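A quick write-up on the structure given underneath.
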Amino acid sequence: MTGAQQIVAELTSRLPDLRPGTPVVFGDIFGGRFDTAHRIVDATAQDDELVLSFEHGETLQVWRPEGLTVAERELVIKDADRVRWEWGAPHGSTGDRPRLYIEHVRHGAQVEVTQGFLGGYDSGRSQPTRRPAVKIVGF
């Protein structure tokens with residue numbers, strides 16, 4: 001069983017009890033502040049890719065996740081090779097809002113961050129990997 005499959009097995013029964021929270025990826029807080037709450041509604045795994053789906057269509061993809069900890073107000077995935085947060089219009093939508101993303105890819109002791117919209121991207125910055133790959137801080 002892969003790390004992603006183990007995390008899905010652990011989370012599936014606990015989803016109804018998980019509090020909404022703010023995603024923090026390698027120390028970057030989605031939205032820049034703890035003012036948004038996102039509720040996980042589904043967890044799936046394809047090989048060693050974990051996909052967490054949220055109530056408003058957001059997704060958090062985590063490649064090669066390791067080290068899950070779930071507490072009352074916090075979910076932590078200690079390490080991963082790559083993490084991608086997507087939000088906005090659903091895939092295939094023809095609306096005015098594009099699907100947006102922020103992606104963190106670990107290269108040894110550094111994480112490269114890119115962001116943008118599907119079909120285009122803005123090359124980003126690099127930062128140390130001292131923080132957990134994923135942390136969802138609940139309210």
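Derivation of every value follows stated rules applied to the coordinates shown; laboratory data play no part. If you're wondering where the values come from, they're calculated on a predicted model, not measured in any experiment. Glycine also receives a Cβ, built like all others from the backbone with ideal geometry; neighbour counts cover every protein chain displayed.
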**Message:** For a quick check of your reading of the filter: which trypsin sites (Lys or Arg not before Pro) in region 1-88 sit in a DSSP loop and have no more than 14 other Cβ atoms within 10 Å?
**Reply:** 14, 33, 73
**Message:** If N is the number of residues in region 1-55, what value comes out of its Cα radius of gyration divided by 2.2 N^0.38 Å?
**Reply:** 1.21
